[in-house]
Amino acid sequence: MADVNDVLARIDAQLDKSLERLFAFLSIPSISTDSAYKADCHRAAEWAVNELSAIGFEARVADTKGHPMVVAHRKPANAQRHVLFYGHYDVQPPDPLDLWQTPPFEPRVEDGPRGKRIVARGSSDDKGQLLTFIEAARAWIEVAGELPVAVTVLLEGEEESGSPSLKPFFDANKAELKADLALVCDTNQWNADTPAITTRLRGLVGEQITVTTASRDLHSGMYGGPALNPIRVLSSLIASLHDADGRVTVPGFYDSVSELPEATAAQWRGLGFDEKGFLGEAGLKTEAGERGRSVLEKIWARPTLEVNGIWGGYTGEGFKTVIPANASAKISFRLVGKQDPVALRAAFRDYLRQKLPEGASIEFHEHGSGPAIELSAESPALALAASGLREEWGKEPILMGSGGSIPIVGAFRSELGMDTLMIGFALDDDRIHSPNEKYELSSFHKGTRSWARILGHLAQWA
Ligand code: BES
């Protein structure tokens, strides 16, 4: 096997070229949730297939009912172990566009407090992150002629819209996707100098609801008074979903949520998390949520129900005196522990149907779901990956939780029987899903170097 230092030197020498490739990828507006960008999603998948083919992967665009998957393999004859690397090439919508300093799909490098950073939608979530792995693989192949372990790459184009095509795709391609371990680069570091392995991830349920009260929009002077207003009905339904202590009122919501074991709580306290700094960086002036729990506990170990969008009536320029026929909202729950997405969706629907006033009807539309994940800290692969991170960062990686969700990770366990190591280099202030998303150039560079080391260590996995 080649010396990892030669691989690292190659990564350093090629950084500008790697960045050029990232810029080409970031220029493709692969917004999965908006059908106007379907062709761009396809183009992003093709771009990735071309890159992977160029470094000797057997790669293809695999069509699904929604956006395609990218599947690629490179399996050295003498490799002991086989890992599946997952990332997503789709991105969140960039709006509100007017808050971007430069257009979201025209990537650029700017100076920031930590040095240079890459600004574009998807720079951190997840194109920049996923390329750290591919660039590390490239360096191994170019320097050593081969990868230290067999690698399958799976890139999805629907992560940001709930991964609806995942389950059927897994069902049809189980044998091809099965590996010893999954690796995911779609999470954060602990902070800018401290790497992390994410061992818990919240699950997610997405729901869209529409309340209807009339057969058409009505004049608010002619009908205002006797007409039931669906925006008011929807608002009071939403307002009733939390109690005064910040707890969700849906019956059974907390049934399978356990209190944090004291040892874990103590480890988290020991991290010295700066609650005020974390909230303040996002412009938050007070702390909301369940009373009596720390910020880390709220994000890593407690479930939530949040309203992500609400609309109805006239919201355009000027004014229109109308009582709309209907009003809608998008609502998501973050899940922890053994909370069951299917049962909770049903409980939520029952609860709202039962609270609905006479004269209103309600419709539900489902937007995907996935369970929460917890990984054992005892896994041998985790120790090997930790060695790679320690060597690169000169510090022990933190084992942390994440409030975000990556639906596929649950399916890796339930459908393919694989554990997942989530190692990412994003930072809390990367503004993922917000205007002016960025990825530090050092995250991209040291992330690539970290994967090169981790791949080297995984070859030692007995
Ligand atoms: N990279 C994020 C998940 C994440 C966020 C991990 C913050 C660690 C810290 C991922 O791409 C994402 O945003 N997922 C969505 C999934 C959803 C749309 C099904 C999420 O969590 O909202």
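Check Glu146, Glu142 and return the single one that is part of a loop (DSSP other than H, G, I, E, B), under 25 Å from Leu8 (Cβ atoms), more than 16 Å from the ligand (Cβ to nearest atom) and charged (D, E, K, R).
Glu146
Can you pull out every residue in segment 119-139 that is out of contact with any helix residue (DSSP H, G or I) (no Cβ under 8 Å at 6 or more places or on another chain) and either at positive phi or within 16 Å of the ligand (Cβ to nearest atom) (or both)?
Result: Leu130, single match.
Restricting to segment 396-411, and then to whatever is part of a loop (DSSP other than H, G, I, E, B) and closer than 24 Å to Asp125 by Cβ, can you tell me which residue is modelled with the lowest pLDDT?
Per the stated criteria, the residue is Ile406.
Give the residue, chosen from Thr210, Thr194, that is within 16 Å of the ligand (Cβ to nearest atom), more than 14 Å from Val409 (Cα to Cα), polar (S, T, N, Q) and in contact with a helix residue (DSSP H, G or I) (Cβ under 9 Å, 6 or more places away or on another chain).
Being within 16 Å of the ligand (Cβ to nearest atom), more than 14 Å from Val409 (Cα to Cα), polar (S, T, N, Q) and in contact with a helix residue (DSSP H, G or I) (Cβ under 9 Å, 6 or more places away or on another chain) holds for just one of Thr210, Thr194, which is Thr194.
For segment 76-108, name all the residues that are crowded, with 16+ Cβ neighbours inside 10 Å, at pLDDT 95 or above and over 18 Å from the mean Cα position of the chain (by Cα).
Pro76, Arg81, His82, Val83, Trp100, Pro104, Phe105, Pro107
Here are the criteria: (1) under 22 Å from Ala120 (Cα atoms); (2) touching an Asp or Glu at 6+ places or on another chain (Cβ under 6 Å). Tell me which single one Arg81 does not satisfy.
(1)
Please find, within segment 165-188, the residue that is surrounded by the fewest Cβ atoms within 10 Å (Cβ to Cβ) out of those that are assigned to a loop (DSSP other than H, G, I, E, B) and within 10 Å of the ligand (Cβ to nearest atom).
Looking at residues that are assigned to a loop (DSSP other than H, G, I, E, B) and within 10 Å of the ligand (Cβ to nearest atom), I get Thr187.
Output the number of the condition that Gly252 fails; it satisfies all remaining conditions of (1) more than 18 Å from Pro357 (Cβ to Cβ); (2) touching a Lys or Arg at 6+ places or on another chain (Cβ under 9 Å).
(2)
Might you check whether a residue that is farther than 17 Å from Asp12 by Cβ, within 16 Å of the ligand (Cβ to nearest atom), among the hydroxyl-bearing types (Ser, Thr, Tyr) and surrounded by fewer than 24 Cβ atoms within 10 Å (Cβ to Cβ) occurs anywhere in segment 398-411?
So far as segment 398-411 goes, yes, one or more of its residues are farther than 17 Å from Asp12 by Cβ, within 16 Å of the ligand (Cβ to nearest atom), among the hydroxyl-bearing types (Ser, Thr, Tyr) and surrounded by fewer than 24 Cβ atoms within 10 Å (Cβ to Cβ).
All but one of (1) free of Cβ contacts under 8 Å to residues at least 60 places away in the same chain; (2) acidic (Asp, Glu); (3) buried (at least 21 other Cβ atoms within 10 Å of the Cβ) hold for Glu440, so report the exception by its number.
Going through the list (1) free of Cβ contacts under 8 Å to residues at least 60 places away in the same chain; (2) acidic (Asp, Glu); (3) buried (at least 21 other Cβ atoms within 10 Å of the Cβ), Glu440 breaks only (1).
The values are calculated or read from the model by the stated rules, or taken from the named source; none is laboratory data. Since this is a predicted model, take the numbers as computed values, not measurements. Glycine also receives a Cβ, built like all others from the backbone with ideal geometry; neighbour counts cover every protein chain displayed.
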